[in-house]
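Colleague: The structure is given below, and queries will be raised subsequently.
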Amino acid sequence: MVLDHMEADDDVRKVFEEPQYIHQKDITIVRDDGTEVSYPSFRVQFNNARGPYKGGIRFHPAADLEEVKALAALMAIKTAVVDIPFGGSKGGIQCDPKTLSKTELERLSRAYIREMKDHIGPYVDCPAPDVNTNPMIMGWMRDEYEKMTGKFAPGVVTGKPLEYGGSLGRDTATARGGYFILEEVMERIALDPKEQRVAIQGFGNAGAAIAKLLHDRGYTIVAISDSKGGIYSKEGIDPVRIKKYKEKTGHVRGYYCEGSVCDLGRMKIDNAELISNEDIITCDCDILIPAALDNVITRENAKEIKAEIILELANGPTSPEADTILEERGIRVIPDVLANAGGVTVSYFEWTQGRSGEKWTEGHVDDELKRIILDAYRDVRREARREGVSYRMAAYLIGVKRMVQTMKARGWVNGNGM
Ligand code: NAD
């Protein structure tokens, strides 16, 4: 659709049909009990016209080649939307990390780098955290890469631990980027944050951090969920208490229950009710923030959504059919390639610090993130007005046009794509 809108020529279309490279390997590790287990793993490099490939690695049972390919393409567009000098890629290991011990997880993370080491590097392809991966895993990955290559290579991965080349502000960057945009939207359409009720699906790196930012700003968090289910309270939920509880017990909804089985009759706090991950999408709220997995807003539930604003912190949470329905219904969607681009933006700052040896303050990271993400938001808003299209289409148009401009400058394509 984007390429049709641009009336792109065939050579331009061809570039966007398939990733430049697909690397697939089965990774075998020894489990703590001495048995061996293998997992399919992937690294998909979509396009590197604008700079080294960049994209997260997820550990998840549903991480298959199709999913990783789609996410790699999104990354190429996202880095272009925020105009940072990277291309787009994505990685995944098809596994359930929750069944692995810490030592097994470390073996798996290091084995992935050994398999992929010839395809990654600070100026080649730089992985980062995604679903079920975190700074500890990024630290192991950098260490393994440096051991294998014998080189100091802080830029090989981002999202590292602070004490091993990480950047201040990276842990909350995805949420902060979304928060800055939401605040700008509130101001533009003259809405008072204190009157906004927010539902958040996913309580990990992205979801938990935005819940805290919005709660501190006075928004009412009416619903929160994780993979085991969620809770809804008209009176509002304090995400800080939930985080502490989740750290202790491993799940969100147990906070409101006694014992191991949630029992509606024994709710303890804020008149909260249990809610399923399906129902959280259509619950009574003003702002919906999907911050977990892809394809959760579907043709079936898009008609029932009550929120007026959707901030896509997750990658690919809305199916194309659902997107059309949301547009027809006039629901304002801040698309993933813009809404969650704060993460890759601060990854870029981390990569820059790794190259220069400088250490940025948290304030500097924050100021630069705000400048870049709001510039991108304003570009998207202008493009949407000019072309009469949705924010998603406008963001894609900007991203693809920037990629095509660079590919033309490099002599990779000649055809129309502007
Ligand atoms: P995470 O692993 O830290 O958290 C994921 C959360 O989703 C957890 O709370 C988990 O319990 C929950 N979850 C898993 N399955 C679920 C289900 N079926 N229903 C509801 N919740 C479920 O991951 P994250 O880094 O916060 O990533 C979340 C989303 O944000 C992903 O789509 C990711 O691609 C996107 N994203 C993350 C970053 C980043 O910097 N971490 C950057 C850009 C985009």
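The values are calculated or read from the model by the stated rules, or taken from the named source; none is laboratory data. Owing to the predicted nature of the structure, the values given are computational and were not obtained by experimental measurement. Cβ atoms come from the backbone with ideal geometry, glycine included; neighbour counts cover every protein chain shown. Heavy atoms of the whole protein, side chains included, go into the accessibility calculation; ligands, DNA and RNA do not. Shrake-Rupley method; radii C 1.70, N 1.55, O 1.52, S 1.80 Å.
Colleague: If a residue has to be without any contact (Cβ under 8 Å) to a residue 40 or more places away in the chain and assigned to a loop (DSSP other than H, G, I, E, B) to count, how many in the range 395-417 make the cut?
Modeller: 1
Colleague: Which of the residues that make up the range 317-362 are under 30 Å from Glu163 (Cβ atoms) and surrounded by fewer than 16 Cβ atoms within 10 Å (Cβ to Cβ)?
Modeller: Arg355, Ser356, Gly357, Glu358, Lys359, Thr361, Glu362
Colleague: Regarding Lys160, is this residue open to solvent by less than 20 Å² (accessible area, probe 1.4 Å) and over 23 Å from Glu278 (Cβ atoms)?
Modeller: Values: open to solvent by less than 20 Å² (accessible area, probe 1.4 Å): yes; over 23 Å from Glu278 (Cβ atoms): yes.
For Lys160, the condition - open to solvent by less than 20 Å² (accessible area, probe 1.4 Å) and over 23 Å from Glu278 (Cβ atoms) - is met.
Colleague: Among the residues in the range 41-49, are any open to solvent by less than 20 Å² (accessible area, probe 1.4 Å), assigned to a loop (DSSP other than H, G, I, E, B), in contact with a Lys or Arg (Cβ under 8 Å, 6 or more places away or on another chain) and not hydroxyl-bearing (Ser, Thr, Tyr)? Quick ask: steps written out before the conclusion?
Modeller: Restricting attention to the range 41-49, the residues satisfying the condition of being open to solvent by less than 20 Å² (accessible area, probe 1.4 Å) are 41-47, 49.
Pick out the ones that are also assigned to a loop (DSSP other than H, G, I, E, B) and you get 49.
Next cut, in contact with a Lys or Arg (Cβ under 8 Å, 6 or more places away or on another chain) only: 49.
When the remaining residues are screened for being not hydroxyl-bearing (Ser, Thr, Tyr), the result is 49.
Yes; the residues of the range 41-49 include at least one that is open to solvent by less than 20 Å² (accessible area, probe 1.4 Å), assigned to a loop (DSSP other than H, G, I, E, B), in contact with a Lys or Arg (Cβ under 8 Å, 6 or more places away or on another chain) and not hydroxyl-bearing (Ser, Thr, Tyr).
Colleague: Could you tell me whether Ile287 is of a type in the set (A, V, I, L, M), crowded, with 23+ Cβ neighbours inside 10 Å and more than 15 Å from the ligand (Cβ to nearest atom)? Before you say what the answer is, go through the steps one by one.
Modeller: Working: of a type in the set (A, V, I, L, M): yes; crowded, with 23+ Cβ neighbours inside 10 Å: yes; more than 15 Å from the ligand (Cβ to nearest atom): yes.
Yes, satisfied.
Colleague: What's the total number of residues in the range 170-204 that are within 26 Å of Glu235 (Cβ to Cβ) and more than 16 Å from the ligand (Cβ to nearest atom)?
Modeller: Of the residues in that region, 12 qualify.
Results for (1) farther than 30 Å from Tyr391 by Cβ; (2) open to solvent by less than 10 Å² (accessible area, probe 1.4 Å); (3) among the hydroxyl-bearing types (Ser, Thr, Tyr), shown as yes or no for each residue.
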position: Asp83; (1), (2), (3): no, no, no
position: Gly91; (1), (2), (3): no, yes, no
position: Cys95; (1), (2), (3): yes, yes, no
position: Ser101; (1), (2), (3): yes, no, yes
position: Arg114; (1), (2), (3): yes, no, no
position: Asp118; (1), (2), (3): yes, no, no
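Colleague: Checking Gly207 against (1) out of contact with any Gly (no Cβ under 8 Å at 6 or more places or on another chain); (2) modelled with pLDDT of 95 or more; (3) more than 9 Å from the ligand (Cβ to nearest atom), only one condition comes out false. Which one?
Modeller: Answer for Gly207: the failing condition is (3).
Colleague: Next question. Assuming Leu74 fulfils every condition listed in (1) in contact (Cβ under 8 Å) with a residue 60 or more places away in the chain; (2) surrounded by 19 or more Cβ atoms within 10 Å (Cβ to Cβ); (3) under 18 Å from Arg355 (Cα atoms) apart from one, which condition is it?
Modeller: (3)
Colleague: Looking only at the range 375-394, count how many residues are touching a residue at least 40 places away in the same chain (Cβ under 8 Å), closer than 18 Å to Gly178 by Cβ and among the hydrophobic types (A, V, I, L, M, F, W, C).
Modeller: Of the residues in the range 375-394, 2 are touching a residue at least 40 places away in the same chain (Cβ under 8 Å), closer than 18 Å to Gly178 by Cβ and among the hydrophobic types (A, V, I, L, M, F, W, C).
Colleague: So in the range 292-316, with the set limited to residues that are crowded, with 16+ Cβ neighbours inside 10 Å and over 20 Å from Asp226 (Cα atoms), which one is farthest from the ligand (Cβ to nearest atom)?
Modeller: Glu308
Colleague: Look through the range 211-240, keep the residues that are away from the ligand (no atom under 13 Å from the Cβ) and in a strand (DSSP E or B), and return whichever of them is nearest to Ala173 (Cα to Cα).
Modeller: Ile221
Condition check ((1) in a helix (DSSP H, G or I); (2) of a type in the set (Ser, Thr, Tyr); (3) more than 16 Å from the ligand (Cβ to nearest atom)) across all residues:
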{"position": "Val68", "(1), (2), (3)": "yes, no, no"}
{"position": "Leu71", "(1), (2), (3)": "yes, no, no"}
{"position": "Ser89", "(1), (2), (3)": "no, yes, no"}
{"position": "Cys95", "(1), (2), (3)": "no, no, no"}
{"position": "His119", "(1), (2), (3)": "no, no, yes"}
{"position": "Tyr123", "(1), (2), (3)": "no, yes, yes"}
{"position": "Pro127", "(1), (2), (3)": "no, no, no"}
{"position": "Met136", "(1), (2), (3)": "yes, no, no"}
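Colleague: With respect to Ala80, determine if the residue is at negative phi and assigned to a loop (DSSP other than H, G, I, E, B). Quick ask: steps written out before the conclusion?
Modeller: Values: at negative phi: yes; assigned to a loop (DSSP other than H, G, I, E, B): no.
When the stated conditions are applied, Ala80 does not pass them.
Colleague: Moving on to the next point. Six or more apart or on different chains, Cβ under 7 Å: which pairs go from a residue in the range 290-315 that's within 16 Å of Asn205 (Cβ to Cβ) to one that's more than 16 Å from the ligand (Cβ to nearest atom) and open to solvent by less than 10 Å² (accessible area, probe 1.4 Å)? Could you list them?
Modeller: Pairs found: Leu311/Ile287.
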